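A quick write-up on the structure given underneath.
Every read-out reported here was derived from the displayed coordinates using simple, explicitly stated rules and does not represent laboratory data. These numbers come from a predicted model, not from an experiment. Glycine gets a Cβ as well: all are built from the backbone with ideal geometry, and neighbour counts include every protein chain shown.
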């Protein structure tokens, strides 16, 4: 008999079915016992009438692996409306010991460090699992929407010869006796690849040696990167970002069942046909009015200001999203293109989602002499960027792009307090295992 | 006017079109000049009748970025059957200098080290670009075929606390003052995730500090990884591998135009409904007969033997592919499941493609005590594998998987002599940039 998923059970009432999975829970009542079997997608309720079988199952630690053959019977009281009766149970793999926490409770009853120490087990909890199903769907939606718009996928090296984004926060490596570094972002490579494919994206790890021990920081994360050429300005990049976000949200809505989505606590946002956008200077004017402080001339937005802007976008435009454009050029990375009309401000943007910065992007410079000038102005050595600079000597179109942190995105969608909850095996200053 | 791709030009005869791209080549004849414009997808021929425009274009270095508006005219002699006439040309970005090699010749006329030194430019060559279009399609086909079979995508950490596959060939990292390593493979993590999703895949970088300077070795590569649970034995994993390969080949055939595919020199293989399979012991018997040497009792297959088996598969079965199963257990990684009927041999397999090993995989052990025994037998310390071993204490189903090296796959499909040609920015003992 072919094994079915527990999620297929509701459609199989009246049939004999074979399920396989883990002993999620055994509830022994006086006259009957209920086995909850968990497989890779959901759970099923199995009614155990036979006292001998109940006793045998009672001797197994939770998480033992079972095969269950029985009759699928409609039962209004059962989760999903169908349960399995008159089962034959085969023990495929007996667990050696009792788990350190119960996986059948709505939340694992342990502190986060304990949960993370036991991540290989804790990830089996349906709620935790749902976060990573969401991450999988997000990657699929990201790629699919971009491929549909003519983007090509690239995989760029993570061992690099020099720090890309700045000096201090980079991991150093012993590379056959010499120094090397872990890539902080594929920024320079994706720009190089605009010269090849014009439109590229990458999903891959990025590494930041930032010594910050906060709920928002991890030192290795998954970066969803995009870069595209022949743009008129940053607004074309913003349109691509909206396309990618639509793809992500649609893929999540399709991949997760309503029950699984509910487990994550996510509120999937609607993306308006046009996302509201505000220039940095207008944002400071607006915030000055909202706060009563004179914020004009500030170099950047504080988190409290982003929260206020998020509330304003919701009230004024009914939008969870708000673009802020035109951040001061000197506040952004060296490759940022200035606004040609007023170069003090840039063609860079942030996307604020429910009051928190979610995505950074913008137009990049594309002329060789502009890069030389930027390096000189910022006191950076051009020699570390030889291969990168070569492309600007050989013709580059106006281009731009953005990067989304996958874990940050899932954290914000699910409105979780700690990014480690949605990081598969988080790496931070104090955690390198499992 | 909306810009069209050069590949759309053949369908636009009779229309006024806007193209954008790079000055790929300018051929100045006595009465007329031909501009070949290259964009992210192909090239288009532009006829320049105006001597002043020809002179202006003649002053531009190749790779300058242009916008060309003109009439699309059917012309049997033109590549693709349509050329652009009476053009207006706008210089979007003037190249600073002449490229160190011509990109319009069928092959770049330079030695591989020079090509790799100038990779950001060399990748713009249509043949090189086609290799990476193929890689992009391969990743898409791999993921799509697996998602269609219920697999979930994961992204596992690349900074790890201990070497996964063996001690020597691992890159060491300074992690906030302590030691860490770069992941040699996601093997342990993907097994852990079988306990969560049952079926998982990952596309990501893997790092091997092997000090081998050969045409087949690079020190960072893209690994296409699969792991699945609740298998009967390794043959179910082999079936999944065939599914994935079918997806890869189909996606390549769909994504690349016939012209682009021809540039790569690839011969796309047909996958027979059933791939021939031979047990290791039978392979040694067969090879003994073919070579006249007594090879029975050999611990492994030499490359020359794989070549002979490849020829045999082609002649005997008409197949480019051959599975070899049952390699001696002690020759494989510690997690390899032995054949229950004769444990000296394993449930591991290799897939040989045109006489070269392309993929390794197999069933893994799934019982805690088997791991403890394997660690003891191999004199490995179990303490480095604490998080990994935890899953086997808490119930794991029979499972298995495989890994495909992306660059190795493309190299073999295109029958190239050096893996660096199909590695985006190769990392080897002597190369860390660009």
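Using only Cα atoms, locate the centre of the range A:89-135 and the centre of the range B:369-404, then give the distance between them in Å, rounded to an integer.
18 Å
What FRET efficiency would be calculated for the residue pair residue A:372, residue A:272, taking the C-beta separation as r and a Förster radius of 56 Å, to the nearest 0.05?
FRET efficiency, residue A:372 to residue A:272: 0.85.
Considering only DSSP beta bridges with both partners in chain A, what is the antiparallel share in %, to the nearest 5?
90 percent
Between residue A:12 and the same site in the other copies, what are the distances in nm, shortest first, taking label points 7 Å from Cα along the C-beta direction?
The projected label point of residue A:12 is separated from its counterparts by 5.4 nm.
How high is the relative contact order of chain B? Use alpha-carbon pairs under 8 Å, at least six apart in sequence, and give a whole percent.
13 percent
Working out 0.36 nm times the residue gap between residue A:76 and residue A:330, then minus their Cα-Cα distance, what length gain in nm do you get to one decimal?
Using 0.36 nm per residue and subtracting the Cα-Cα distance, I get 85.1 nm.
How would the range B:224-339 be classified by its alpha-carbon gyration tensor: rounded, prolate or oblate, with rounded meaning a/c under 1.5 and the a/b versus b/c comparison settling the rest?
oblate
With an 8 Å Cα cut-off and a minimum separation of 6 or more residues, compute the relative contact order for the range A:327-434 in percent.
Here the relative contact order equals 20 percent.
May I ask what percent, to the nearest 5, of DSSP beta bridges between residues of the range A:1-118 are antiparallel?
In the range A:1-118, DSSP labels about 95 percent of beta bridges as antiparallel.
How do B:358, A:413 rank when sorted from fewest to most other Cβ atoms within 10 Å of their own Cβ?
The fewest-first ordering by Cβ neighbours comes to B:358, A:413.
Suppose only helical runs count, i.e. DSSP H with n ≥ 4. What mean residue ellipticity at 222 nm does that imply for chain A under -39500 (n - 2.57) per run, divided by all residues and rounded to the nearest 500 deg cm²/dmol?
Counting only the DSSP helices, I get -9500 deg cm²/dmol.
Calculated FRET efficiency, residue A:344 and residue A:257, Cβ-Cβ r, R0 51 Å, to nearest 0.05?
0.50
Just to confirm the number: angle between the C-alpha axis of helix B:303-317 and the first principal axis of chain B, 0 to 90 degrees, nearest 10?
Between the helix axis and the principal axis of chain B, the angle is about 80 degrees.
Note the full-extension length gain between residue A:174 and residue A:105 as 0.36 nm times their separation in residues minus their Cα-Cα distance, in nm to one decimal.
Answer, rounded to one decimal: 20.3 nm.
So for the range A:6-98, averaging the separation of alpha carbon pairs under 8 Å that are six or more residues apart and normalising by length, what relative contact order in percent results?
It rounds to 32 percent for the range A:6-98.
At 7 angstrom along the Cα-to-beta-carbon line, where would the label on residue B:174 sit relative to the other copies? Give the distances in nm, shortest first.
Here residue B:174 shows inter-copy label distances of 1.2 nm.
Can you figure out the FRET efficiency of residue A:91 with residue B:8, using R₀ = 60 Å and their beta-carbon distance, to the nearest 0.05?
After rounding, the FRET efficiency stands at 0.45.
Tell me, for the rotation carrying A onto B, which chain A residue has the beta-carbon closest to the axis and what that distance is in whole Å.
A:173, 3
Suppose the chain between residue A:250 and residue A:149 were pulled fully straight at 0.36 nm per residue; how much longer would it get relative to their current alpha carbon spacing?
Extra length from residue A:250 to residue A:149 when fully extended: 34.8 nm.
Please report the spacing between the Cα centers of the range A:221-279 and the range A:304-337 in Å, no decimals.
For the range A:221-279 versus the range A:304-337, the Cα centre distance is 16 Å.
Rank the residues B:277, A:288 as a footprinting-exposure proxy: fewest other Cβ atoms within 10 Å of their Cβ go first.
The fewest-first ordering by Cβ neighbours comes to A:288, B:277.
Going by C-beta contacts inside 10 Å, put A:311, B:2 in order with the fewest on the left.
Ascending number of Cβ neighbours within 10 Å: B:2, A:311.
List the distances, in nm and shortest first, from the label point of residue B:269 to the matching label points in every other copy, placing each point 7 Å from Cα along the Cα-to-Cβ direction.
Taking the point 7 Å beyond Cα along Cα→Cβ, the inter-copy spacings are 4.7 nm.
First check a/c for the protein assembly as shown, with a ≥ b ≥ c the square roots of the eigenvalues of its C-alpha gyration tensor; if it is under 1.5, answer rounded, and if not, answer prolate when a/b is larger than b/c or oblate otherwise.
oblate
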